[in-house]
Structure formats: C-alpha cells, structure tokens
Amino acid sequence: LCKSNGRKGYSFYSRSLNQVAAERLLIDQQLRGALERGEFSLVYQPIVYSQGGKLKGFEALIRWNNPELGSISPVKFIEVAEQVGLISEIGTWVLREATEQLKAWQLKYNRPLIMSINVSPRQFQDETILPALKSVIKQTGVLPGSIQLEVTEGLFLSASDRILDGIDYLKQSGVLLALDDFGTGFSSLSYLNRLPFNVLKVDKSFVDGLTTNSKDLKMVQAIISIAHGLQMEVVVEGVETAHQISLLRDMKADSIQGFYFSRPLSAKEAEVQFLSKPVILEMNEDIWDKL
Ligand code: C2E
Ligand code: MG
Ligand code: MG
Ligand code: MG
C-alpha cells in the first residue's frame, strides 16, 4: 500500500507511525505516577431497563486528565497501561472508587442499583482482580450481586483454564459477569458458554445500522435470541435515537445504554439527573409516549 502510493505515501505513512510511537511514549511517561497525582476520575453512564424505563445502574468509565497531555481517551491509554504493566494498579483503583460510589448511592437512595465495571484481561492474568474485589466488597459491604464485571473476548485469547476456573469461582460469590463489545473482533459463539455470563452487551457497531440496514437488525435479533436462550440478559450499547429504542424494545432487548439517555456523567451529575428524582420512570414514560 505504501509503495503503490509512491514516495509521498510512504513518507506520510512512516511519519504517522513515528507520531503514533511518540504519542505512546508520552502516554507511557505521563501514565507513571498519574494515579498518585490524582489524575484519574470516573464518570458514570446510566443503564435503563427497556420495559418500564427504570434505572438499572451505571457503567463506570475512567477518565484521565494530565497537565501535559490534557484529556486522553481510555481507548488510547488503557492499551498502553496494559502493555507497560500499569493496568492492574489502575484497575484496582477503578474497582475501589466505583464500588465506594455504589455503596454511597445505595445508602443515600436506598434503591436497587448495579455498578458495571470494565476489567482488563491483564487483571486476571496478574491475579490482582480477585483479592481486590474481595477486599473492596468486604470493606464497603455491598452485595456482590450489585457489582458487574465487564470483560471482552480478549480474555479468552489470553486466559488459562486456571484463570477461567478462578472467574467461575468468583461468580459463585454472586458477582455478575458481562461480555462486553459482543459482535466485534473475533467473537466466537463458543465464548458464550466458556463462562457463566449474566449479561451480553451488544456493541454499538450493530446499533448504528439498526434503522438503515436490515442485516444489522437481523443480527441484533439473532444475538438477543441466542443470549435469551442461554439465560443471559441483553444490554445494547451506543443507543442514540428514539427510533433505535423502539426497535430494541420490540426485539425484547432487556436494557439500553447510550447517549439517548445520557453521556457518561460525573457522580454529582448522575445523582442530580438520575438518582435524586424518581424521574427515570416519568421521563421514560414521556419517551415511550413520543414513539
Ligand atoms: P466500553 O466499555 O465498550 O464503553 C462504552 C464506550 O462507548 C464509552 O466510551 C462510552 O462513553 C461510549 N458510548 C456510550 N454510549 C454511546 C453512544 O450512544 N454513542 C457513542 N458514540 N458512544 C457511546 P469511553 O468512555 O471513551 O470508553 C472507551 C473504552 O475504554 C470502553 O469501552 C472500555 O473498553 C475502555 N474503558 C473505559 N473505562 C475503563 C476502565 O475503567 N477499565 C478498563 N479496563 N477499560 C476501560
Ligand atoms: Mg464496557
Ligand atoms: Mg462496550
Ligand atoms: Mg468498547
């Protein structure tokens, strides 16, 4: 490809590779000590039941604000953190912070609420996740069943049987398990049976074509049917329009997450918009009426 583009193409390509490498290096440098300097925070995106429209809980998503680099997307820095061995430390912080927030909200609002937390395969390989989870559950006293761990298929590419057994064990404690980004990458149906997942999260890439591409619609329908057949709930991610919601409700998707309801919010904003008032129901009745 580079050659066929001639010298210009080649030099452009190699320069951009250098840029990528330089950016990685900067991220790597700044990532060290970022936790100690308090540069990470969490934002929370609501997950809403598609029937009735009640709030199910939130997905915790990490944010990094660095004085040198500004605000860096987790898509960029999580991968670097995994490669340079910093992910477990960061992941443990996420787990603690999100669970403490969950506990505070459960106490304050006295309502059922789950917190869904992204976990990197490396946290299982390093075997830091189980002790961290045990300790934070013990310390906060949350019900294990109100914590949901989101893993991707990357786990299966790297985890030994022993690690998968460990996760199985973890599940017996009641912690929920979700398969994130389903339908992207090399998703194999056999993954669905390798671990006792409670939830399958359908990736945004299918949702984008839901109203325009009948094949995407069929695909989501089939995924929902397989998941339900295996006693898994379906959460659909990246939902942005009322039309998509209406189709997903008809297809019996269990819950919905996306900009339609809200972008990920600070804890304070999440409280005001989704926890302090019983608005989710009313708000959603409005939404359902509008369809
Ligand atoms: P994910 O776990 O699949 O999270 C969903 C991503 O989609 C989030 O991006 C969210 O802001 C975005 N999103 C949600 N609804 C919509 C929508 O309607 N439209 C669009 N365009 N986007 C939507 P974010 O926060 O940038 O996170 C990206 C990825 O970074 C996450 O994908 C996850 O893989 C990773 N990540 C985020 N936080 C953590 C963390 O604490 N630990 C680990 N290991 N990974 C994390
Ligand atoms: Mg996720
Ligand atoms: Mg996802
Ligand atoms: Mg994703």
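No value in this document is a laboratory result; all are computed from the given coordinates. Note that the structure is a prediction, hence the values are computed from the model and not measured. Here the Cβ positions follow ideal geometry from the backbone for every residue, glycine too, while neighbour counts run over all protein chains shown.
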Next on the checklist: Ratio of alpha-carbon Rg to the 2.2 N^0.38 Å globular estimate for the range 88-153, to two decimals, please.
Outcome noted: 1.08
Checklist entry - For the modelled label position 7 Å from the Cα of LYS108 along Cα-to-Cβ, which residues of the range 46-87 have backbone nitrogen atoms closer than 20 Å? => result 46-48, 55-63
Checklist entry - Under a point-charge model restricted to the Cβ atoms of Lys and Arg (+1) and Asp and Glu (-1), what is the dipole moment magnitude of the chain relative to its Cα centre, in debye to the nearest 20? => result 320 debye
Checklist entry - Given VAL199, GLY154, SER214, which one lies farthest toward the positive end of the charge dipole of the range 88-234, if we put +1 on the Cβ of every Lys and Arg and -1 on the Cβ of every Asp and Glu? => result VAL199
Item to check | Potential lengthening between LEU35 and LYS134 on full extension [0.36 nm per residue; Cα-Cα distance subtracted] | outcome: 33.5 nm
Item to check | Over the chain, relative contact order from alpha-carbon pairs under 8 Å, at least 6 apart, % | outcome: 19 percent
Item to check | Calculated FRET value between VAL272 and HIS243, using beta carbons and R₀ = 30 Å, to 0.05 | outcome: 0.60
Checklist entry - Along the charge dipole of the range 51-91, Cβ charges K/R +1 and D/E -1, which of SER73, GLY91, GLY57 sits furthest on the positive end? => result GLY57
Checklist outcome for this item: Quick calc: nm separation of the 7 Å Cα→Cβ label points for GLN51 and ASP28 -> 5.2 nm
Item to check | Fluctuation leader among GLN19, GLN106, GLN273 - the chain, Gaussian network, Cα springs under 10 angstrom | outcome: GLN19
Checklist entry - Among the listed pairs LYS56/LYS268; LYS56/LYS215; LYS56/LYS204, which are separated by more than 23 Å between their Cα atoms? => result LYS56/LYS215
Next on the checklist: For GLU237, GLU271, GLU36, which order do you get if you count the other beta carbons within 10 Å of each Cβ and list the fewest first?
Outcome noted: GLU36, GLU271, GLU237
Checklist entry - How much length, in nm to one decimal, is gained on full extension between SER158 and SER190, taken as 0.36 nm per residue of separation minus their Cα-Cα distance? => result 10.0 nm
